[in-house]
Amino acid sequence: MPWWRSVDPARRRAFLLTGVKILALTVAGLAAGFGLDRLDAHVGGELLGRVERPELAFVDLPPAVERLGGSDLASVVTDLLDQPWTDPRLCRAMAERLTGVGWIARVHSVRRTGDGRFEVSARYRIPLAMVQQGGEFLLIDGEGVRLPGTYFPDPSWKFIRGVRAGAPVAGERWPGDDLSAGLRLVADLSQEPFAAQIAGVIVENFGGRVAHGRSHIELVSDREGGRIRWGSAPGQEVEENSVEQKLAILRANHRVSGRADSGHQVIDISTFPDRFTVPG
């Protein structure tokens with residue numbers, strides 16, 4: 001080509017060198033891409049070949065939830081473990097499934113490790129009390145959210161009896177001020193030295209809805225027929241002992257006699273700030 005021959009030989013050499021470099025880089029890029037694809041396929045095949053079935057681990061599962069709901073949690077995602085465990089969509093799919101389980105308040109993360117293991121981190125709902133409705137006992141957490149399942153009476157949890165609203169589906173908050181009052185007392189009583197002597201809370205007469213002149217809330221002791229007449233719900237006291245005054249009476253009884261009820265079948269702690277009364 002005449003124009004090419006007219007170019008200075010030094011410049012021609014520079015042009016040729018640049019072209020060779022560009023061609024070499026292009027070929028190297030294509031080869032690298034092809035090699036990475038082959039490597040990725042090889043590594044994926046090797047990993048899949050080594051893992052017969054992925055392992056599922058709930059890394060921060062509380063013992064109470066593991067005992068009651070561990071199998072429920074695992075069963076929700078069992079079918080996903082049958083898929084190739086290197087599928088990048090699996091972690092998201094597991095998180096979405098587990099978010100709908102009543103035992104879980106929030107899924108923090110689902111992480112896949114290099115040895116065929118999925119690790120789930122979440123905030124769980126911890127059982128605090130049982131709500132008795134007829135012959136059924138249903139667990140709730142500290143926020144009043146119903147947990148999955150129906151249970152037999154268990155002294156591990158205090159019961160709340162007399163809640164007016166029907167049970168919601170698992171994972172939803174149980175409505176009603178009566179339940180909130182009972183739950184507040186269960187939480188307060190659980191911190192006391194006499195906690196094991198209180199079996200449950202009765203809120204059937206909450207707000208005086210059954211009999212205005214009767215104690216609105218009663219505590220059930222661990223003795224057959226034992227009652228502690230609490231009085232009004234926390235925050236609804238009128239010319240009545242406060243929650244702290246009532247707890248102080250029970251503490252004093254326990255300190256002196258070893259019993260919150262001071263050994264009586266029924267006591268009333270709603271009236272006098274420094275002592276209980278025994279109904280006649």
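Points worth noting:
- Any hit, the stretch 195-208, residues being closer than 23 Å to ILE140 by Cα, at pLDDT 95 or above and surrounded by fewer than 15 Cβ atoms within 10 Å (Cβ to Cβ): yes
- Candidates are the residues of the stretch 101-117 that are modelled with pLDDT of 90 or more and in a loop (DSSP other than H, G, I, E, B); the one that is surrounded by the most Cβ atoms within 10 Å (Cβ to Cβ) is TRP103.
The rows are residues; the columns are (1) within 26 Å of PHE137 (Cβ to Cβ); (2) touching a Pro at 6+ places or on another chain (Cβ under 8 Å); (3) surrounded by 15 or more Cβ atoms within 10 Å (Cβ to Cβ); (4) modelled with pLDDT of 95 or more.
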position: VAL186; (1), (2), (3), (4): yes, no, yes, yes
position: GLU192; (1), (2), (3), (4): yes, no, yes, yes
position: HIS212; (1), (2), (3), (4): no, no, no, no
position: SER257; (1), (2), (3), (4): no, no, no, yes
position: ILE269; (1), (2), (3), (4): no, no, yes, yes
position: THR277; (1), (2), (3), (4): no, no, no, yes
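- Odd one out for GLY142 among (1) farther than 20 Å from ALA74 by Cβ; (2) within 13 Å of the chain's Cα centre (by Cα); (3) outside the structural domain of ALA167 (by TED's automatic domain parsing): (3)
- Residue list for the stretch 189-204, filter: closer than 17 Å to GLN245 by Cβ and in a helix (DSSP H, G or I): LEU189
- Residues of the stretch 170-188 that are touching a residue at least 24 places away in the same chain (Cβ under 8 Å) and either under 20 Å from the mean Cα position of the chain (by Cα) or not in a helix (DSSP H, G or I) (or both): ALA170, GLY171, GLU172, ARG173, TRP174, LEU179, SER180, LEU183, ARG184, VAL186, ALA187.
The values are calculated or read from the model by the stated rules, or taken from the named source; none is laboratory data. Note that the structure is predicted; figures quoted are calculated from it, not measured. Note that we place each Cβ from the backbone using ideal geometry, even for glycine, and neighbour counts take in every protein chain shown.
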